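Participant: Structure below; questions to follow.
The values are calculated or read from the model by the stated rules, or taken from the named source; none is laboratory data. Note that the structure is predicted; figures quoted are calculated from it, not measured. Positions of Cβ are backbone-derived with ideal geometry, glycine not excepted, and every protein chain shown enters the neighbour counts.
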């Protein structure tokens, strides 16, 4: 039942917002419909088409509420909802043509909802909260817990975002094709942020936090399905799936993070990896590469290697080169240097690092000296490696990264470590 | 001459609108109209409903919030047609906003011409577009900003730009605070920010996406910052 709820919540909300323009009314009616289902389904059995059942109950609830209101606007909204009921009856011709439709005859409006929630005129944190609330049905309390902010703060954030949508008239629609290249990246960024919040959560964290990964994957699935012409939507979905497939192996019995190199590859979810591979191949077939597709391809290279030694580093280095050309990101350049060091030897990697250090864009970023230290260590230049490890440790504060660096420092400078 | 009275106020300004303030505003309007002063003005939604638009390196950058983070925010405006700057300040002193927050007085470049706007067309939303300077834009680049005339012509013909004007520099502004006869007039704008209002346009658009598109085409989107904010509807529930 939880699965049905998760799938249907966004669909019902999206349809009701479209018909009434009233975000709060839509949410209340969706909530009522799910409450009724919780009461009645255990007693009467789950209906054949649970989605259609929920949609009908929610829509009738909306009509009732609007009928009780005397304003002219409410009358107009009531008519809009009634209209979809008339045309959306189960014996409607369209329904016969599409027996898989689970929506009670209401078109899927979730794409409108996604684009509105992720509108650039809303603050990023508001986009994230609104997307999770209206599309995945996560409660305000749960979102607040997931993002480690007080519930009142999160509630205010949601209210404020809904006010702005109404007052500033943020349109409830899918942008025209000409605006999609500008708007799609913003939507993908919201979903990736949600995923990363969940992915960064440790075993000790609230379950809600870890659940964010699944919510993000669910949303990426919807987006990839509703925007079949956007290879980057598929790229993001594949990227998330490759990462999630490794989730179980990322943490050891003590709750410590395990690096990719040391992970037990038997614990990876190979079914999910295969699915991700099909999706990324499908995305690449469009021949419009983008940063999520490239990142997914890199993740796919790692996932394909039976052992860390078998990793196709030359290919990864080439993919990072493409990604660096596309994004101009110095962090990507750093990753490329690591891949080149693996493919062509530490000296080649060091040459790239030197150029990056001269650029100055990553000054103060601990992974820069940490990477240099690692390459120097592999070249046997222990003294230089030691001072680079010290440099990195000084930048990183405390935590597992610091412990890792100190352990390596002890390796290259055994006599000084005591 | 035309002068813009920029109403500014801190958070919680809405609560300051008590019976006394409403009565004072009514009196102010009656008196001004009675003395033949031409007025056009309206209150704005709070800064939480503002959106900022910039174009940098050909890329459109849209962000949530007003053009600058200040304690007091623009809350509304009046454009009045009077004989002198002194007269404009006299009207500002008596506006209830002077004691609820502050009123900045700024002359329109070239004087402008009197306008009365009818209510918005059905299905349209009206936005205040504040055209602001951005100190982060290099002087060389801001000097290269295209003249605004072609934008004004295009947007006026399209029916999205109703009215607007360029303001004399912020250095020429005077700001009124307090309740007459104790109101204090100081030189300078209401907020001492690096970003300053350089002009304004009243837009009427189908939705925020259109307002953003129109704002992005303004030359100052590249040479400065442009804020769009909906006006407050007087029939709002």
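Participant: Give all pairs with beta carbons closer than 6 Å in which a residue from the stretch A:331-351 that is farther than 13 Å from residue A:318 by Cα meets a residue that is surrounded by fewer than 21 Cβ atoms within 10 Å (Cβ to Cβ); count only pairs at least 6 apart in sequence or on separate chains.
Facilitator: What qualifies is A:346/A:378; A:346/A:379.
Participant: Let me ask you something else. Given (1) at pLDDT below 90; (2) in contact with a helix residue (DSSP H, G or I) (Cβ under 9 Å, 6 or more places away or on another chain); (3) closer than 24 Å to residue A:218 by Cα; (4) part of a helix (DSSP H, G or I), where does residue A:67 come up short, assuming only one miss?
Facilitator: Checking residue A:67 against (1) at pLDDT below 90; (2) in contact with a helix residue (DSSP H, G or I) (Cβ under 9 Å, 6 or more places away or on another chain); (3) closer than 24 Å to residue A:218 by Cα; (4) part of a helix (DSSP H, G or I), the one that fails is (3).
Participant: Here is a further query. Which of the following residues is more than 14 Å from chain A (Cβ to nearest Cβ) and either more than 18 Å from residue B:73 (Cα to Cα) or in contact with a helix residue (DSSP H, G or I) (Cβ under 6 Å, 6 or more places away or on another chain) (or both): B:188, B:199, B:159?
Facilitator: B:159
Participant: Which of the following residues is modelled with pLDDT of 90 or more, within 14 Å of another protein chain (Cβ to nearest Cβ) and in contact with a helix residue (DSSP H, G or I) (Cβ under 6 Å, 6 or more places away or on another chain): B:226, B:176, B:148?
Facilitator: Of the residues listed, the single one that is modelled with pLDDT of 90 or more, within 14 Å of another protein chain (Cβ to nearest Cβ) and in contact with a helix residue (DSSP H, G or I) (Cβ under 6 Å, 6 or more places away or on another chain) is B:226.
Participant: Condition first: under 20 Å from residue A:331 (Cβ atoms), modelled with pLDDT under 90 and under 30 Å from the mean Cα position of the chain (by Cα). Can you find one or more residues in the stretch A:353-361 that meet it?
Facilitator: Yes, some residue in the stretch A:353-361 is under 20 Å from residue A:331 (Cβ atoms), modelled with pLDDT under 90 and under 30 Å from the mean Cα position of the chain (by Cα).
Participant: Restricting to the stretch B:80-109, name every residue that is assigned to a strand (DSSP E or B) and over 12 Å from residue B:37 (Cα atoms).
Facilitator: Across the stretch B:80-109, the qualifying residues are B:102, B:103, B:104, B:105, B:106, B:107, B:108.
Participant: Within the stretch A:149-184, count every residue that is under 18 Å from the mean Cα position of the chain (by Cα) and either within 11 Å of chain B (Cβ to nearest Cβ) or not in a helix (DSSP H, G or I) (or both).
Facilitator: 1
Participant: Moving on to the next point. Which one is farthest from residue A:171 (Cα to Cα), of the residues in the stretch B:202-223 that are in a loop (DSSP other than H, G, I, E, B) and within 11 Å of chain A (Cβ to nearest Cβ)?
Facilitator: Looking at the filtered set, the residue picked out is B:206.
Participant: Among the numbered conditions (1) at pLDDT below 95; (2) crowded, with 19+ Cβ neighbours inside 10 Å, tell me where residue B:7 comes up short.
Facilitator: (1)
Participant: How many residues are free of Cβ contacts under 8 Å to residues at least 60 places away in the same chain, assigned to a loop (DSSP other than H, G, I, E, B) and crowded, with 19+ Cβ neighbours inside 10 Å when one looks only at the stretch B:23-75?
Facilitator: 1
Participant: Here is a further query. Any residue at all in the stretch A:188-203 that is within 14 Å of chain B (Cβ to nearest Cβ) and assigned to a helix (DSSP H, G or I)?
Facilitator: Yes, because at least one residue in the stretch A:188-203 is within 14 Å of chain B (Cβ to nearest Cβ) and assigned to a helix (DSSP H, G or I).
Participant: Could you tell me whether residue B:74 is within 28 Å of residue A:165 (Cα to Cα), within 14 Å of another protein chain (Cβ to nearest Cβ) and touching a strand residue (DSSP E or B) at 6+ places or on another chain (Cβ under 9 Å)?
Facilitator: Taking the combined requirement at face value, the residue does not satisfy it.
Participant: Give A:244, A:215, A:278 a once-over and let me know the one that is part of a helix (DSSP H, G or I) and not assigned by TED's automatic domain parsing to the domain that holds residue A:300.
Facilitator: A:215
Participant: All but one of (1) under 25 Å from residue B:145 (Cβ atoms); (2) within 20 Å of the chain's Cα centre (by Cα) hold for residue B:44; which doesn't?
Facilitator: Residue B:44 satisfies all of (1) under 25 Å from residue B:145 (Cβ atoms); (2) within 20 Å of the chain's Cα centre (by Cα) except (1).
Participant: I need the full set of residues from the stretch A:118-129 which are in a loop (DSSP other than H, G, I, E, B) and more than 9 Å from chain B (Cβ to nearest Cβ), in order please.
Facilitator: Result: A:118, single match.
Participant: Tell me the residue from A:34, A:115 that is assigned to a helix (DSSP H, G or I), at pLDDT 75 or above and either more than 14 Å from every other protein chain (Cβ to nearest Cβ) or more than 30 Å from residue B:54 (Cβ to Cβ) (or both), please.
Facilitator: A:34
Participant: Identify the single condition in (1) more than 13 Å from chain A (Cβ to nearest Cβ); (2) closer than 18 Å to residue B:119 by Cα; (3) surrounded by fewer than 21 Cβ atoms within 10 Å (Cβ to Cβ); (4) within 18 Å of the chain's Cα centre (by Cα) that residue B:164 does not satisfy, given that it satisfies every other one.
Facilitator: (3)
Participant: Given the conditions (1) more than 15 Å from the chain's Cα centre (by Cα); (2) closer than 16 Å to residue B:97 by Cα; (3) surrounded by fewer than 17 Cβ atoms within 10 Å (Cβ to Cβ); (4) modelled with pLDDT of 90 or more, which single one is not true for residue B:14?
Facilitator: It is condition (4) that residue B:14 fails.
Participant: Filter the stretch A:352-381 down to the residues that are in contact (Cβ under 8 Å) with a residue 12 or more places away in the chain and not in a helix (DSSP H, G or I) and list them by number.
Facilitator: Answer for the stretch A:352-381, where residues must be in contact (Cβ under 8 Å) with a residue 12 or more places away in the chain and not in a helix (DSSP H, G or I): A:361, A:362, A:364, A:365, A:366, A:379.
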